[in-house]
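First up is the structure itself, then whatever we jot down about it.
Taken together, the values in this text are just the output of simple stated rules run on the coordinates, not laboratory data. This is a predicted model, so every value here is computed, not measured. Cβ: placed from backbone, ideal geometry, glycine included. Neighbour counts: every protein chain shown.
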Amino acid sequence: MEVKVSFDTEKESISDLKKFISYVQCVIDRRENNQILNNESSLNKTTNSSQTNVPVKSKTSGGGRVIPYEDMSEKLSQILSGKY
């Protein structure tokens, strides 16, 4: 999709500019999600079917890795109570 936009930032209302920013952010989010899904599907195709299912590690657009959420409330209470 190709979009060409021109507008005068001094004449446009602030609400219109915020809507524009929101739209652009939605496009960016959609592209990032497509890239993550494409990367995961290509990694899944290359893995051997006899291997166990290992969670696919995703990366952010900056190259950082995404760590899945893990409930650590029990660990924290054990550490603070000196049981760990």
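Fully extended, how many nm does the chain gain between residue 16 and residue 36 (0.36 nm per residue separation, minus their Cα-Cα distance)? Intermediate results must be reported in sequence, preceding the final value.
Values: separation 20, 0.36 × 20 = 7.20 nm, distance 3.04 nm.
Difference between extended and current length: 4.2 nm.
Take 74, 32 and order them by how many other Cβ atoms sit within 10 Å, fewest up front. If you can, show how the numbers build up before the last one.
Details: 74 9, 32 12.
With the fewest neighbours first, 74, 32 line up as 74, 32.
Work out from phi, with θ = phi - 60° and the Karplus expression 6.51 cos²θ - 1.76 cosθ + 1.60, the ³J(HN,Hα) of each residue of the stretch 32-38, listed in order in whole Hz, and give x for Gly and Pro.
5, 5, 5, 5, 5, 5, 5
For residue 58, what residues show an amide H to amide H distance below 5 Å, using hydrogens built from the backbone and excluding near sequence neighbours?
Amide H neighbours of residue 58: 66.
Could you give me the ³J(HN,Hα) list for the stretch 69-83, computed from phi with Karplus coefficients 6.51, -1.76, 1.60 and θ = phi - 60°, whole Hz, x at Gly and Pro?
5, 9, 5, 10, 4, 5, 4, 4, 5, 5, 5, 5, 8, x, 8
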